[in-house]
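Following: one structure in structure tokens, then a few remarks.
No value in this document is a laboratory result; all are computed from the given coordinates. Values in this document were obtained by computation on a predicted structure and should not be read as measured data. Here the Cβ is made from the backbone with ideal geometry for all residues, glycine too, and neighbour counts use every protein chain on show.
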Amino acid sequence: MVSFKNITIISDDIEFVDALGVLLEDSENYNIKMVNSTNLKTKDAFDNLPEVIIVDSFTALLNKIFLTESLSRMINLVPVIYLSQNDNEVNDTNFTNLPKPIYFPQLLKAIKKEMRDFVINKNREIEIGPYSFNYLMKRLVTKTGSEIRLTEMETKILNFLYKSNGKLIKRDTLLTEVWGYKSEVMTHTLETHIYRLRKKISLNCISQTLLVSESGGYRLDL
């Protein structure tokens with residue numbers, strides 16, 4: 001069963017985010033990461049493997065462009081809730097919209113609904129190179145219908161690399177984000193998982209190097 005505990009909140013209203021974060025942590029024991037929307041970078045928003053993203057009202061055009069473009073490819077992997085200033089604010093995204101002021105029980109209900117709906121919809125196939133990737137089913141499917149079964153850790157590694165949008169991910173980052181902690185002992189284990197995952201992928205992807213190793217890390221050549 002998929003467990004949703006990591007929530008990233010993106011905003012430039014520090015007091016609002018602090019208060020919301022405390023409520024979410026105290027009420028449901030969520031792990032909250034708060035990201036300032038000023039000078040926002042992809043790394044800041046997604047490095048902790050968020051499973052739900054809450055975006056406060058866009059206050060700068062550049063931030064809006066960044067978020068809509070960056071999250072457009074993430075929306076199949078991460079439920080996104082957008083907190084708008086009012087009912088009349090134009091929401092030209094595919095994010096779930098919730099007008100402010102926020103009534104906390106309503107927000108909590110919306111988060112849980114997004115989680116439930118997302119688990120159901122997450123069975124949709126995500127295109128990764130020549131494959132369709134199903135996170136919940138832990139599998140890759142080729143265009144000819146051949147199925148490649150993945151282990152739980154292979155699935156998590158592939159999912160995290162996909163979320164990173166082709167960015168190089170260092171080994172330490174994968175150990176921290178996928179396993180939940182850093183450990184020199186785990187480095188060899190990670191490399192073993194990467195080797196087996198690459199071997200499975202290469203069987204049906206001979207002409208394309210999809211999983212790339214370079215500079216002490218890994219990335220997907222999307």
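Do the alpha carbons of any pairs in 109/143; 33/109; 109/167; 33/143; 112/199; 33/113 sit beyond 31 Å of each other, and which pairs? Pairs exceeding the cut-off: 109/143; 109/167; 33/143; 112/199. With 0.36 nm allotted per residue and the present C-alpha distance subtracted, the residue 106-residue 151 stretch has 12.5 nm of extension available. All distinct Cα pairs of the stretch 133-204 go into the 1/r average, and the inverse of that average, the Kirkwood radius, is 12.8 Å.
Each Lys or Arg adds one and each Asp or Glu takes one away; over the other residues whose Cβ falls under 11 Å from the Cβ of residue 150, this sums to +3.
Distance between the pseudo-spin-label points of residue 189 and residue 85 (7 Å out from Cα toward the beta carbon): 4.9 nm.
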